[in-house]
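Reviewing the structure listed below.
Values in this text are rule-based calculations from the coordinates and carry no lab data. Just so it is clear, the model here is predicted, and its values are computed rather than measured. Neighbour counts are summed over all protein chains in view; Cβ atoms, including those assigned to glycine, are modelled from backbone coordinates with ideal geometry.
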Amino acid sequence: MRLDKYLKVSRLIKRRTIANEACDSGRVTVNDKVAKASVNVKEGDIINIKFGNKEITVEVTNVAETVKKEEAQNMYKVL
């Protein structure tokens, strides 16, 4: 699954266009490498996102095309 879509489906970022912009500006890394929005995400990948002065690191535990709002938190584990 594309990184921008994963960020939206997992609800780490609310909109796919915002996820796309974050990737393009270099604020998202996958496995310690700056990632473009088109990078393929798989289980076990480590994603680091910088929101201004806040930073979050998560491990991908599940990749699904669609999930319910309640199940979105099961797609990743905060590190």
Looking only at the stretch 11-26, which residues are at negative phi and touching a residue at least 24 places away in the same chain (Cβ under 8 Å)?
-> 12, 13, 22
Just name the residue that is nearest to residue 21 (Cα to Cα) out of those in the stretch 44-64 that are small (Gly, Ala, Ser) and exposed (fewer than 13 other Cβ atoms within 10 Å of the Cβ).
-> 52
Quick check: anything in the stretch 28-36 of a type in the set (Lys, Arg), touching a strand residue (DSSP E or B) at 6+ places or on another chain (Cβ under 7 Å) and at negative phi?
-> no
Conditions (1) among the charged types (D, E, K, R); (2) in contact with a strand residue (DSSP E or B) (Cβ under 9 Å, 6 or more places away or on another chain); (3) within 19 Å of residue 74 (Cα to Cα) -> residue 50 fails only (3)
Those residues of the stretch 43-55 which are under 11 Å from residue 3 (Cβ atoms) and of a type outside the set (Asp, Glu) amount to 47, 49
May I ask you to list the residues in the stretch 56-79 that are over 12 Å from residue 1 (Cβ atoms), assigned to a loop (DSSP other than H, G, I, E, B) and among the hydroxyl-bearing types (Ser, Thr, Tyr)?
-> 61
With respect to residue 2, is the statement that it is touching a Lys or Arg at 6+ places or on another chain (Cβ under 7 Å) and of a type in the set (Lys, Arg) true?
-> no
Can you tell me which residues in the stretch 59-79 are touching a helix residue (DSSP H, G or I) at 6+ places or on another chain (Cβ under 9 Å) and among the hydrophobic types (A, V, I, L, M, F, W, C)?
-> 60, 63, 64, 67, 72, 75
Could you look through the stretch 1-55, keep only residues that are small (Gly, Ala, Ser) and in a loop (DSSP other than H, G, I, E, B), and pick out the one that is farthest from the chain's Cα centre (by Cα)?
-> 52
